[in-house]
1. DSSP loop GluC sites (Glu not before Pro) in the stretch 29-124 with at most 15 other Cβ atoms within 10 Å of their Cβ, which ones?
2. Using the Cβ atoms and a cut-off under 15 Å, what net charge is assigned to the surroundings of F26, where Lys and Arg are +1 and Asp and Glu are -1?
3. Would you work out the relative contact order for the chain, in percent, from Cα pairs under 8 angstrom that are 6 or more residues apart?
4. Give me the extension gain from A229 to R175: residue separation times 0.36 nm, minus the current Cα-Cα distance, reported in nm with one decimal.
5. For the stretch 144-258, rounded, prolate or oblate, judged on the Cα gyration tensor with a ≥ b ≥ c (square roots of eigenvalues), a/c < 1.5 rounded, else prolate if a/b > b/c?
6. Would you kindly derive the ³J(HN,Hα) couplings of the stretch 31-43 from the backbone phi angles with the Karplus curve 6.51 cos²θ - 1.76 cosθ + 1.60 (θ = phi - 60°), listing them in order in whole Hz, with x for Gly and Pro?
7. Using only the Cα atoms of the stretch 1-93, build the gyration tensor, take square roots of its eigenvalues as a ≥ b ≥ c, and label the shape rounded, prolate or oblate: rounded if a/c is under 1.5, else prolate if a/b is larger than b/c, else oblate.
8. For every helix of n ≥ 4 consecutive DSSP H residues, a contribution of -39,500 (n - 2.57) applies; sum these over the chain, divide by its total residues, and give [θ] at 222 nm rounded to the nearest 500 deg cm²/dmol.
Amino acid sequence: MSAANLVEVFSSIQGEGPEVGTRTLFVRFGECDLRCRWCDSPGTWKRADRMRFETAPGSERWEEEPNLVTPARLLAIAKRLDLASHRWVSLTGGEPLLQPEAVASAAEILSGYGPGIFLETHGLHTEALAQVIDRIDFVSMDWKLASDVRRESDAKGAEAEPFHEAHQRFLETARAAPGVSVKLVITPASEDAEIDAAVQRVAEAHPGACLVLQPVTPHGPVQARPTAARMQALAMRAGSRIRDVRVIPQTHPLLGVA
Ligand code: SF4
């Protein structure tokens, strides 16, 4: 069993994607190797010296302790937050698959109490996914568009390579999970050609997956949303290739929850 570098553990309501509105216990892992222009959690980009956890479900009162967090300690924190009353445990980030052994250990120790294990990932580390997929009930992967996302390692100003091939390999591995969704965050800068290419590859790799088109929540340098007419048009085009297409904005900013 492997200890995890975590940022925080808390109980809330899933704010986005196909399971929006469900009670979810979030386990947020430290470190991310992408840089999305709209990212609202840059505090997760680096491994954390200390982690925080909520002391009662939904209280937003916190205690802190040093990393790393052993699986047994994670289970104790989760039980204090009434683990069994949740629909899902979300292993999220940052990018959890930068710590595949810790993800596998967390999934194993938190399974069997009721909630399903829900993995939220940027969808690029296929080998790491293959190590943990047997323990995951639902893979919620992003499909990043190069118009808005860079790798941390990219040279400043360099043109970003599309992520399509890496995402397609990842989705082919994710098919082994009982539930799979693919999320495309749409900004005014997202180009129709890259969206259409992504939709085509999702249709080839896993036509049964749920495709979520998420209009961006303005944040940082991204200060405008795509228009409703554009979202309608994108959903219509995607729907001609994939049966389960949903337009779902983020709801946690509306609810005012973490
Ligand atoms: S993958 Fe997630 S955590 Fe990483 S930069 Fe993008 S939005 Fe932020």
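1. Details: sites: E31, E54, E60, E63, E64, E101, E108, E120; in loops: E31, E60.
Loop-located and lightly packed - E60.
2. On the way: positive: R23, R28, R52, R80, R87; negative: E8, E16, E19, D40, E54, E60, D82, E95, E120.
Overall, the nearby charge balance is -4.
3. 19 percent.
4. Using 0.36 nm per residue and subtracting the Cα-Cα distance, I get 16.3 nm.
5. Details: a/c = 1.43, a/b = 1.10, b/c = 1.31.
Cα axes put the stretch 144-258 in the rounded bin.
6. These are the phi-based 3J(HN,Hα) values: 5, 8, 9, 10, 9, 7, 5, 8, 3, 9, 9, x, x Hz.
7. Working: a/c = 1.69, a/b = 1.07, b/c = 1.58.
Verdict is oblate for the stretch 1-93.
8. On the way: 7 runs with 69 residues, N = 258.
Here the helix-only value at 222 nm equals -8000 deg cm²/dmol.
Each value in this text was obtained by applying a stated rule to the coordinates, not by laboratory testing. All values derive from a computational prediction rather than experimental measurement. Here Cβ is always computed from backbone atoms with ideal geometry, including for glycine, and neighbour counts include all displayed protein chains.
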